[in-house]
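Values quoted throughout were computed directly from the atomic coordinates according to the rules given, and no laboratory measurement underlies them. Keep in mind the model is a prediction, meaning the values are calculated, not measured. All Cβ positions, glycine included, derive from the backbone under ideal geometry; neighbour counts span all protein chains shown.
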Amino acid sequence: MGLYAKIIIKLTQKERKNKLNDVVLSIQKACSIIKCFNHETPELNLKKLCDLTGFPKSTVHRICTTLQKEGILNFDNDTNMYSLSLVMFELGTAAIKKIDIRDLIKKIMIDIVNETKETAALYVCHDFKRICIEKVESPFDVRQVVTLGKALPLYLGSSGKIILAWMSPSQRKEYFKMVEKELPKQLHKNIEEMIRELDRIKEQGYCQSFSERVPDSKSVSAPIFFANQIMVLTILGPAARIDDEKLAAITDILVRETNKINSLLKQ
């Protein structure tokens with residue numbers, strides 16, 4: 001092999017190595033941008049992303065445009081804000097299932113049931129439905145029935161509304177567009193009103209519901225945050241047994257215990 005051919009081969013190998021390094025660097029930068037989003041900052045503009053990552057504006061814009069094309073990020077033209085798409089929301093909840101923190105949560109669920117005498121259930125979002133992955137039942141013969149693994153809509157009941165409340169506005173918009181045909185008529189006409197309700201739920205930190213999915217039932221739900229994703233702890237029971245005073249007491253207990261769980265998971 002001649003000297004010229006050897007030089008060409010070496011240059012080609014160097015170019016390939018440089019291109020590979022560029023690809024790896026781009027992936028690392030994309031990951032840094034994605035990690036800027038969490039439940040406290042679900043929406044960010046270009047300037048804030050530049051401030052958080054330290055990357056030039058042109059770099060952040062180029063990567064965000066690519067992530068948007070790949071369905072990883074959403075961009076709101078009205079607010080000029082980026083947010084994670086529903087695809088990322090689903091990937092996050094899939095990751096939760098692989099990390100077993102249910103033992104910790106179940107111990108607290110048992111304490112809650114012992115104190116309230118009502119059923120406790122733990123939900124995650126999967127395929128844009130809520131699914132119960134753990135439960136502790138009420139000691140009473142008459143109690144709310146919860147089925148493990150059963151897929152239920154997000155738009156009915158306190159647990160689903162918690163998940164929707166902590167979605168970004170663009171994720172909610174994407175979700176309601178996806179389920180538009182299956183929405184009950186009364187909800188279909190009042191999506192804007194429901195969005196305002198979701199904002200109030202997020203502000204107060206919990207959600208109460210009355211006979212939304214199951215007649216003559218009441219429930220209270222609050223979020224659990226883990227790995228920038230959300231689970232929902234719910235206490236539910238027959239409406240006849242849960243008067244206003246008991247509902248207020250259950251709500252206080254649930255908020256107290258979910259705050260405890262969230263503090264433990266941050267450690």
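From the Cα gyration tensor of segment 140-198, with a ≥ b ≥ c the square roots of its eigenvalues, which class applies: rounded if a/c is under 1.5, or else prolate if a/b is larger than b/c, or else oblate? Here segment 140-198 falls in the prolate category.
Work from the charge dipole of the chain (Cβ charges, +1 for Lys and Arg, -1 for Asp and Glu, about the Cα centre) and give the residue of Ile27, Ala121, Leu67 farthest towards its positive end. The listed residue farthest towards the positive side: Ile27. Taking the Cα centroid of segment 214-245 and of segment 140-164, what is the distance between the two, rounded to the nearest whole Å? When both Cα centres are located, 8 Å separates them. Helix content alone sets the calculated 222 nm mean residue ellipticity of the chain: runs of n ≥ 4 DSSP H residues at -39500 (n - 2.57) each, divided across all residues, give -17000 deg cm²/dmol.
Among Ile27, Ile34, sorting on how many other beta-carbon atoms sit within 10 Å of each Cβ, with the fewest leading, yields Ile27, Ile34.
Ranked by the mean number of other Cβ atoms within 10 Å of their residues, highest first, the peptides 153-162, 169-178 come out as 153-162, 169-178. For Asn38, neighbours were defined as the other residues whose beta-carbon sits under 15 Å from its Cβ, and their charges (Lys and Arg +1, Asp and Glu -1) total +2. One chain, two ends: Glu245 and Asp103. Fully extended at 0.36 nm per residue, the span grows by 48.1 nm beyond their Cα-Cα distance.
Placing unit charges on the Cβ atoms only, positive for Lys and Arg and negative for Asp and Glu, gives the chain a dipole magnitude near 1520 debye about its Cα centre.
Cα axis of helix 244-266 to longest principal axis of the chain: angle in degrees, 0 to 90, nearest 10? Tilt of helix 244-266: around 30 degrees. Taking max minus min of the alpha-carbon positions on each principal axis, segment 144-267 gives extents of 39, 37, 28 Å, largest first. Panel order for Val146, Val24, Val124, by other beta carbons found within 10 Å of each beta carbon, from fewest to most: Val24, Val146, Val124. Going down the table (Lys161/Lys185; Lys35/Lys57; Lys177/Lys266; Lys29/Lys266; Lys57/Lys266; Lys107/Lys246), which pairs top 29 Å between alpha carbons? Lys177/Lys266; Lys57/Lys266, as the Cα separations exceed 29 Å there.
Counting only alpha carbon atoms, the long axis of helix 191-204 and the longest principal axis of the chain meet at about 90°. Each of Phe210, Phe37, Phe225 was scored by other Cβ atoms within 10 Å of its Cβ. Arranged with the fewest first, they read Phe210, Phe225, Phe37. Helix 169-178 and the long axis of the chain differ in direction by around 80°, with both axes built from C-alpha atoms.
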